[in-house]
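Comments concern the structure below.
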Amino acid sequence: MNEIWEITNSLASRLDSHFDRADEQRWTVQALKLQEEAGEVAEAVIGALGANPHKGFSHDWDDVRKEVCDVALTALVMLARMGGDPRRFFEEHARGVAARSDAGV
């Protein structure tokens, strides 16, 4: 898991070094990037199902998995770009979600 956070923090630092704007602007652009990546998941699912009559079966389920990974990584990069201790924040949040799930909420 450490390697994922090293990659995440490296990507976040690289992006921040190329986009010299206020925090809120950087976060907003990253949120838009996250939405773009989610759209690519939808496109891949449509392609895996062959649901677009113009494109047919343009993707497979491994393409969908790759796009989902892009969404996850983009979300973690956004969290890292927002500062603080992103790993601690994410892990605490995940434990809270798990606790609510265990409680039947």
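Values in this text are rule-based calculations from the coordinates and carry no lab data. Because the structure is a prediction, the values reported are computed rather than measured. Glycine gets a Cβ as well: all are built from the backbone with ideal geometry, and neighbour counts include every protein chain shown.
At an R0 of 25 angstrom, the distance between the Cβ atoms of Met1 and Leu32 translates into a FRET efficiency of 0.35. Only Cα sites of the chain enter the Debye sum here, all with the same form factor; the resulting log10 I(q)/I(0) across q = 0.10, 0.14 1/Å is -0.39, -0.71, listed in q order. Against the empirical curve 2.2 N^0.38 Å, the C-alpha radius of gyration of the range 44-105 lands at a ratio of 1.62. The longest stretch of the chain left intact once loop-based chymotrypsin sites (Phe, Trp or Tyr not before Pro) with at most 14 other Cβ atoms within 10 Å are removed from consideration, loops following DSSP, is 58-105.
Of the candidates Ala42, Ala12, Ala80, which one comes out as most mobile in a Gaussian network treatment of the chain with C-alpha springs shorter than 10 Å? Sorting by GNM fluctuation, first place goes to Ala42. The loop-placed trypsin sites (Lys or Arg not before Pro) in the range 38-73, going by DSSP, that have at most 15 neighbouring Cβ atoms within 10 Å of their Cβ come out as Lys55.
Mean separation of Cα pairs under 8 Å and 6 or more residues apart, divided by the residue count, gives the range 2-102 a relative contact order of 32 percent.
When the Cα positions of Asn2, Ala48, Gly96 are compared along the charge dipole of the range 2-102, Gly96 comes out farthest toward the positive end, with charges on each C-beta of Lys, Arg, Asp and Glu.
Provide the FRET efficiency to the nearest 0.05 for the Val45-Ser17 pair, computing r from the beta carbons and using R0 = 35 Å.
0.55
The stretch between Arg100 and Asp62, if pulled fully straight at 0.36 nm per residue, gains 10.6 nm over its current Cα-Cα span.
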